[in-house]
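Written below as structure tokens is the structure these notes are about.
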Amino acid sequence: MSLSERIMDEIKNAMRAKDTVALESLRSIKSELLLAQTASGSKEEITEDEEIKILQRLVKTRKESARIFTEQNRMDLAEPELAQVAVIEKFLPQQLSEAEVEAVIAKIIAETGASGIASMGKVMGLASAQLGGTAEGKTISTIVKKLLT
């Protein structure tokens, strides 16, 4: 079952349950997927990797909004954002822990023989390709910097 089909099923379930937070989150996912599909001008489905990137972007945006609202003591606005993050994350692959990400990156560094911060771009490219969807880019970047310095 494709992501679009799963989203549609979940939208129906959220409507039946009158779950407004889930419904809003699912509709935003559906909207972003449709925009991505029509942006290329083709009628073909977008790839699974593109779907994961879209979901990660939605999660990142909502986490940032929640952080800003929390800094401004607006918990009434931060809580719905965090609730939407929880709904969207259900459609993402299981995220790896920092220790697991660090082990994968250490292996990549050993295989490529990278040393020093000048090799960061090469290691980041390989790590992002290998860990795509299972770790945030910021986490990968932080660990690569730590291991190369």
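Please work out if A14 is within 26 Å of A135 (Cα to Cα), assigned to a helix (DSSP H, G or I) and among the hydrophobic types (A, V, I, L, M, F, W, C). Show your work before the answer.
Values: within 26 Å of A135 (Cα to Cα): no; assigned to a helix (DSSP H, G or I): yes; among the hydrophobic types (A, V, I, L, M, F, W, C): yes.
So A14 fails the test.
Could you figure out which of (1) over 26 Å from E48 (Cα atoms); (2) in contact with a helix residue (DSSP H, G or I) (Cβ under 6 Å, 6 or more places away or on another chain) isn't true of A110?
(2)
Quick one: in the range 130-140, which of the residues that are of a type in the set (A, V, I, L, M, F, W, C) and modelled with pLDDT under 85 is farthest from L96 (Cα to Cα)?
Let us first name the residues in the range 130-140 that are of a type in the set (A, V, I, L, M, F, W, C), namely 131, 135, 140.
Pick out the ones that are also modelled with pLDDT under 85 and you get 131, 135.
Numbers: L131: 9, A135: 6 Å.
Looking at the filtered set, the residue picked out is L131.
Pick from the range 100-117 the residues that are among the small types (G, A, S) and within 12 Å of I143 (Cα to Cα): which of them is farthest from the chain's Cα centre (by Cα)? Even if it seems obvious, please write down each step before you answer.
At the first step, the residues of the range 100-117 found to be among the small types (G, A, S) are 103, 106, 110, 113-116.
Then keep just the ones that are within 12 Å of I143 (Cα to Cα); that gives 103, 106.
Details: A103: 20, A106: 22 Å.
The residue in question is A106.
Based on this model, can you work out whether K107 counts as modelled with pLDDT under 90 and either basic (K, R) or over 26 Å from I7 (Cα atoms) (or both)?
Details: modelled with pLDDT under 90: yes; either basic (K, R) or over 26 Å from I7 (Cα atoms) (or both): yes.
Yes, satisfied.
Across the range 49-91, what is the total count of residues that are among the acidic types (D, E) and surrounded by 12 or more Cβ atoms within 10 Å (Cβ to Cβ)?
Taking the range 49-91 and keeping what is among the acidic types (D, E), we get 49-51, 64, 71, 76, 79, 81, 89.
Filter once more, so that each one left must be surrounded by 12 or more Cβ atoms within 10 Å (Cβ to Cβ): 50-51, 79, 81, 89.
So the count comes out to 5.
Under 8 Å between Cβ atoms, at least 6 apart or on separate chains: pull out the pairs that start in the range 72-84 with a residue that is closer than 17 Å to T61 by Cβ and without any contact (Cβ under 8 Å) to a residue 60 or more places away in the chain and end on any residue that is of a type in the set (V, I, T) and in a helix (DSSP H, G or I).
A78/T70; P80/V21
Is it true that V59 is hydrophobic (A, V, I, L, M, F, W, C), in a helix (DSSP H, G or I) and over 17 Å from the mean Cα position of the chain (by Cα)?
Values: hydrophobic (A, V, I, L, M, F, W, C): yes; in a helix (DSSP H, G or I): yes; over 17 Å from the mean Cα position of the chain (by Cα): no.
Criteria not met by V59.
For residues that are β-branched (V, I, T) and surrounded by 12 or more Cβ atoms within 10 Å (Cβ to Cβ), scanning just the range 21-42, find the one that is nearest to Q56 (Cα to Cα).
Pass one, the range 21-42, residues β-branched (V, I, T): 21, 29, 38.
Those left that are additionally surrounded by 12 or more Cβ atoms within 10 Å (Cβ to Cβ): 21, 29.
Values: V21: 18, I29: 11 Å.
It comes out as I29.
Per-residue answers, yes or no, for (1) under 17 Å from E136 (Cα atoms); (2) not hydrophobic (A, V, I, L, M, F, W, C):
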{"residue": "R27", "(1), (2)": "no, yes"}
{"residue": "K30", "(1), (2)": "no, yes"}
{"residue": "L33", "(1), (2)": "no, no"}
{"residue": "E45", "(1), (2)": "no, yes"}
{"residue": "E48", "(1), (2)": "yes, yes"}
{"residue": "K53", "(1), (2)": "yes, yes"}
{"residue": "V59", "(1), (2)": "yes, no"}
{"residue": "F69", "(1), (2)": "no, no"}
{"residue": "Q72", "(1), (2)": "no, yes"}
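The values are calculated or read from the model by the stated rules, or taken from the named source; none is laboratory data. If you're wondering where the values come from, they're calculated on a predicted model, not measured in any experiment. Reconstructed Cβ throughout: ideal geometry from the backbone, glycine too, with neighbour counts over all protein chains shown.
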